[in-house]
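In what follows, a structure is listed as structure tokens, so that the remarks can point back to it.
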Amino acid sequence: MNRPITKWPSVAVEFAFPAHATLRKPRSFGWLLVAVLLLGCGQDDGRDEAVATLSGDGEGFRQAAPGMGVQLPDDLGAHRRFRLEWWYLTANLQAADGSAFGVQWTLFRIGLRPGPYDGRPPGWRRDEVWLAHAALSQPGEHRFDARWARGGSGQAGAQSTPFRAWLDDWELAQQPDGGWALSTRARDFAYALKLQPLLPVVLHGDDGFSAKSAGGGGSMYFSYPSLAINGSVEVEGRRLAVTGQGWFDREWSSQYLLPDQQGWDWLSLHLDDGRHLMLFRIRGDETYHTGTLIEADGRYRTLQASDYRLTPQEFRDSRFGRVPVGWRLEMPAAGLDLVITSWSGDYWNAGRLRYWEGPVVVSGSQDGEGYLEMTGYGDSGNDDR
């Protein structure tokens, strides 16, 4: 069933990534305590820290549920009554010399106690923690940088009107002309990109409520699935003009996963016939499938498990264990029989919340490209970078 579509005004988005950044370390015992609370240290179930963080029951926080709906632009801002949220961009880019790049930028907010925090004086309080991730991928290579901050000081935050999401000088913000601009400094890469939406917003699941199991848990979730991109990438002393396409996600929740769920495999795909796909496979006692098929004209529908079959077919030994990097997607009613393959290499974002995030190539009944995200694989250790 198709749903009404809320349109995103035509805007230009400029991303500028100069070439140096450092990950901020705790400056006090209090800050370290916040990190311990955030990251679920002391969990005895052996799960990856990212999964442990996403699996709490969110006691005291508001839970995402059907019927809440999505309101724009308000829902571009922070949701302090909820425990978890993120602002997330992926992009597949090409240079004139044939070089291919993948770009990912994400800002996370994790609440330690429910908001709102109105009327409280500013300061280094322990209400919430923010993390920002930036990555640049090439076939066989992956560069990643991260920053983190705590709430209360103005060091990090997000607001809806005008839209602004930031951590230190990593900032995604609406401009006076109505466009958006993102500036981020990474250790060993840079990019400056402009983005233009080609399709309006998509509300996943039940008018924006995206269930992650049959028995509870889920998120409010919307996307801008088709962004035309142009700009430049800088890496290893070279600056290259690039063009391509991207996907922007906005998601918030308080209990994203249930205790039995070990993690997920997520795909965003751009097909050459103009269609786009979002697919989730959530691994637990029972595997849960959900997705969205977006037509070239912007119409879309939620996919049930009976609508398609997503099967891992190729595995790779990686830095943190064996991961599925080749997939087959069968969706007969949509005329799709696709082979989805990760670029060669290892695409772990090896920070405190560790996950695989890398580009994929699509072949079969349609050609295309996109991104693969995986959580909950390998050992439970994490780097401190």
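The values are calculated or read from the model by the stated rules, or taken from the named source; none is laboratory data. Keep in mind it's a predicted model, so treat the numbers as computed, not measured. Methodologically, a virtual Cβ is constructed for each residue, glycine included, from the backbone with ideal geometry; neighbour enumeration extends over all protein chains shown.
Being under 21 Å from the mean Cα position of the chain (by Cα) and closer than 21 Å to Val339 by Cβ is the filter here, so list the residues in the stretch 295-311 that pass it. Answer for the stretch 295-311, where residues must be under 21 Å from the mean Cα position of the chain (by Cα) and closer than 21 Å to Val339 by Cβ: Leu303, Leu310.
Selection of the stretch 205-220 for residues being surrounded by 24 or more Cβ atoms within 10 Å (Cβ to Cβ) and either more than 20 Å from Trp266 (Cβ to Cβ) or modelled with pLDDT under 90 (or both) yields only Gly217. With respect to the conditions (1) at pLDDT 90 or above; (2) outside any strand (DSSP E or B); (3) among the charged types (D, E, K, R), Asp260 falls short on a single one, namely (1).
Among the residues of the stretch 159-199, those that are among the hydroxyl-bearing types (Ser, Thr, Tyr) and either buried (at least 20 other Cβ atoms within 10 Å of the Cβ) or in a loop (DSSP other than H, G, I, E, B) (or both) comprise Thr161, Thr184, Tyr191.
Can you find a residue that is basic (Lys, Arg) and surrounded by 14 or more Cβ atoms within 10 Å (Cβ to Cβ) anywhere in the stretch 321-335? Before you say what the answer is, go through the steps one by one.
Looking only at the stretch 321-335, we keep the residues that are basic (Lys, Arg), and these are 322, 328.
Checking the rest, the ones that are also surrounded by 14 or more Cβ atoms within 10 Å (Cβ to Cβ) come to 328.
Yes.
Among the residues of the stretch 263-276, which ones are touching a residue at least 24 places away in the same chain (Cβ under 8 Å) and either assigned to a loop (DSSP other than H, G, I, E, B) or among the polar types (S, T, N, Q) (or both)? If you could, list the steps in order and put the result at the bottom.
We begin by selecting, within the stretch 263-276, every residue touching a residue at least 24 places away in the same chain (Cβ under 8 Å); these are 263-273, 275-276.
Hits for the stretch 263-276 are Ser268, Asp272, Asp273, Arg275.
Check the stretch 82-103 and report whether any residue there is closer than 26 Å to Ser318 by Cα and not in a strand (DSSP E or B). Yes, the conditions are met somewhere in the stretch 82-103.
From Leu227, Leu240, which residue is surrounded by fewer than 24 Cβ atoms within 10 Å (Cβ to Cβ) and either over 30 Å from Ser363 (Cβ atoms) or at pLDDT 95 or above (or both)?
Numbers: Leu227 fails: either over 30 Å from Ser363 (Cβ atoms) or at pLDDT 95 or above (or both).
The unique qualifying residue is Leu240.
Within the stretch 233-255, which residues are part of a loop (DSSP other than H, G, I, E, B) and of a type outside the set (D, E, K, R)? I'd like the intermediate steps shown before the answer.
The first filter runs over the stretch 233-255 and keeps only residues part of a loop (DSSP other than H, G, I, E, B), leaving 236-237, 254-255.
Within the stretch 233-255, Gly237, Ser254, Gln255 qualify.
For the stretch 207-216, the criterion of being over 28 Å from Ala64 (Cα atoms), of a type in the set (S, T, N, Q) and not in a strand (DSSP E or B) is met by none of the residues. For the stretch 149-168, the tally of residues that are out of contact with any helix residue (DSSP H, G or I) (no Cβ under 8 Å at 6 or more places or on another chain) and of a type in the set (S, T, N, Q) stands at 3.
Tell me, yes or no, whether the stretch 94-108 has at least one residue that is more than 19 Å from Gly345 (Cβ to Cβ) and among the aromatic types (Phe, Trp, Tyr).
Quick first cut of the stretch 94-108, residues more than 19 Å from Gly345 (Cβ to Cβ) only: 96-97, 105-108.
If we keep only those that are among the aromatic types (Phe, Trp, Tyr) as well, we get 105, 108.
Yes.
Listed conditions (1) buried (at least 20 other Cβ atoms within 10 Å of the Cβ); (2) under 24 Å from Asp285 (Cβ atoms) are all met by Val202, apart from (2).
Val361 passes every criterion in (1) closer than 28 Å to Phe108 by Cα; (2) hydrophobic (A, V, I, L, M, F, W, C); (3) touching a residue at least 24 places away in the same chain (Cβ under 8 Å); (4) not in a loop (DSSP other than H, G, I, E, B) apart from (3).
Which of the residues that make up the stretch 299-320 are within 14 Å of Met278 (Cβ to Cβ), surrounded by fewer than 18 Cβ atoms within 10 Å (Cβ to Cβ) and at pLDDT 95 or above? Lay out the reasoning, then the answer.
So the first thing to find is which residues in the stretch 299-320 are within 14 Å of Met278 (Cβ to Cβ), and the list is 300-304, 307-308, 310.
Keeping just the survivors that are surrounded by fewer than 18 Cβ atoms within 10 Å (Cβ to Cβ) gives 301, 304, 307.
Once the filter is applied, which keeps residues that are within 14 Å of Met278 (Cβ to Cβ), surrounded by fewer than 18 Cβ atoms within 10 Å (Cβ to Cβ) and at pLDDT 95 or above, the stretch 299-320 yields Arg301, Asp307.
Among the candidates Gly115, Gly46, Gly58, the residue that is modelled with pLDDT under 95 and surrounded by fewer than 14 Cβ atoms within 10 Å (Cβ to Cβ) is uniquely Gly46. Kindly indicate the residue of the stretch 364-375 that is hydroxyl-bearing (Ser, Thr, Tyr) and part of a loop (DSSP other than H, G, I, E, B) and also nearest to Ser268 (Cα to Cα) among those meeting that condition. Once the filter is applied, the top-ranked residue is Thr375.
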